[in-house]
Amino acid sequence: MSSDVSAQLQQFYDAEMRDRASRPLGDERTDRVTAFLAHCRERGIRSVLEVGCGAGRDGTLIADGGFEYVGVDASREAVTVCRELGLVAAQGSATALPFEADRFDAAWSMSTLMHLPGNALARALAELRRVVRPGGLVEIGVWGHTSNREWVKPDGRFFKHRSDDELRGELANLGEVVDFATWDWFDDGGHYQWARVEVATTTA
């Protein structure tokens, strides 16, 4: 990630993380986390990495579900908030995860990876493939669009939106996309994209 984009994101999320901690997670997100944990139990998964742990709202559900949870976030304040909740969390980048290979059985990342500029998503997916064991489970959610575009919000946050086909193509480098869904469609074509991926068992 470019230093300017990274610094702007860290500044924004450090400033508002305490407020985010008090926001309700929402029914759709809660349902998705619950379904993810059910799939993890069915597969005998024990350890889960969350990339972009934020204020620990998802992480609390995962840890309370009986899983070994570890969160990582670029925001120092996010890591502090998570640790105050009793969660294991580390500061780090999605494109250079501070963990050894095959450390986790599964990974979860929501509303994080669309902030990566250039080809950084490919690097982040390569890192997920490195740290999640072959055959493991990864669920990813991002804001996308009907066409590929890059833009910056007035608050300074960078977004790189991809079409559904473009995102699925990127995810294929991580493994097999076994489920894909969209919701929260806007009139301009923006929408939320979610995917469940089984990590590849062979080297591409």
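Details
- Ordering 197, 185, 156 by the projection of their Cα atoms onto the charge dipole of segment 148-204, which places +1 on the Cβ of Lys and Arg and -1 on the Cβ of Asp and Glu, puts 156 at the extreme positive end.
- Near residue 20: Cβ cut-off under 15 Å, other residues only, Lys/Arg at +1 and Asp/Glu at -1. The net charge is -3.
- Zone of residue 88's modelled label, taken as backbone nitrogen in segment 23-50 under 16 Å from a point 7 Å along Cα→Cβ: 45-50
- Segment 78-180, relative contact order [Cα under 8 Å, separation at least 6], %: 26 percent
- Under a model in which nothing but the beta-carbon of Lys, Arg (+1) and Asp, Glu (-1) is charged, segment 53-119 shows a dipole of about 200 debye around its Cα centre.
- Note that segment 46-60 has calculated 3J(HN,Hα) couplings of 10, 10, 10, 9, 10, 9, x, 6, x, 8, x, 5, 5, x, 4 Hz, one per residue in order, obtained from phi through the Karplus relation 6.51 cos²θ - 1.76 cosθ + 1.60 (θ = phi - 60°); glycine and proline are x.
- Rounded to the nearest Hz, the phi-derived 3J(HN,Hα) couplings of segment 15-26 under the Karplus curve 6.51 cos²θ - 1.76 cosθ + 1.60 (θ = phi - 60°) are 6, 10, 5, 5, 5, 4, 4, 8, 7, x, 6, x, where x marks glycine and proline.
- This structure gives Cα extents along the principal axes in Å, computed directly, and of (i) 44, 42, 25; (ii) 43, 38, 32; (iii) 48, 42, 27 that value is listed as (ii).
- Sorting 107-117, 186-196, 23-33, 49-59 by their mean Cβ neighbour count within 10 Å, with the most densely packed peptide first, gives 49-59, 107-117, 186-196, 23-33.
- Computed from point charges on the beta carbon alone (+1 for Lys and Arg, -1 for Asp and Glu), the dipole magnitude for segment 1-105 about its Cα centre is near 120 Debye.
- The relative contact order of the chain comes to 18 percent, based on Cα pairs under 8 Å that sit 6 or more residues apart.
- Per residue, the convex hull spanned by the Cα atoms of segment 1-107 measures out at 98 cubic angstrom.
- Considering only 114, 126, 35, the residue lying farthest towards the positive end of the dipole of the chain is 126, judged by Cα position with unit charges set on Cβ.
- Helical contribution to [θ] at 222 nm, DSSP H n ≥ 4, -39,500 (n - 2.57), averaged over the chain, rounded to 500: -11000 deg cm²/dmol
- Bridges between two residues of the chain, per DSSP, are antiparallel at a rate of about 55%.
- Using a probe of 1.4 angstrom and keeping all protein chains present, the accessible surface of the chain works out to 46 square angstrom per residue.
- Cα centre as origin, Lys/Arg/Asp/Glu Cβ charges: the chain dipole, Debye: 400 debye
The values are calculated or read from the model by the stated rules, or taken from the named source; none is laboratory data. All values reported here derive from a predicted model rather than from experimental measurement. As a convention, Cβ positions derive from the backbone with ideal geometry for all residues, glycine included, and neighbour counts pool all protein chains shown. Surface accessibility is based on the protein's heavy atoms, side chains included, excluding ligands, DNA and RNA. Shrake-Rupley method; radii C 1.70, N 1.55, O 1.52, S 1.80 Å.
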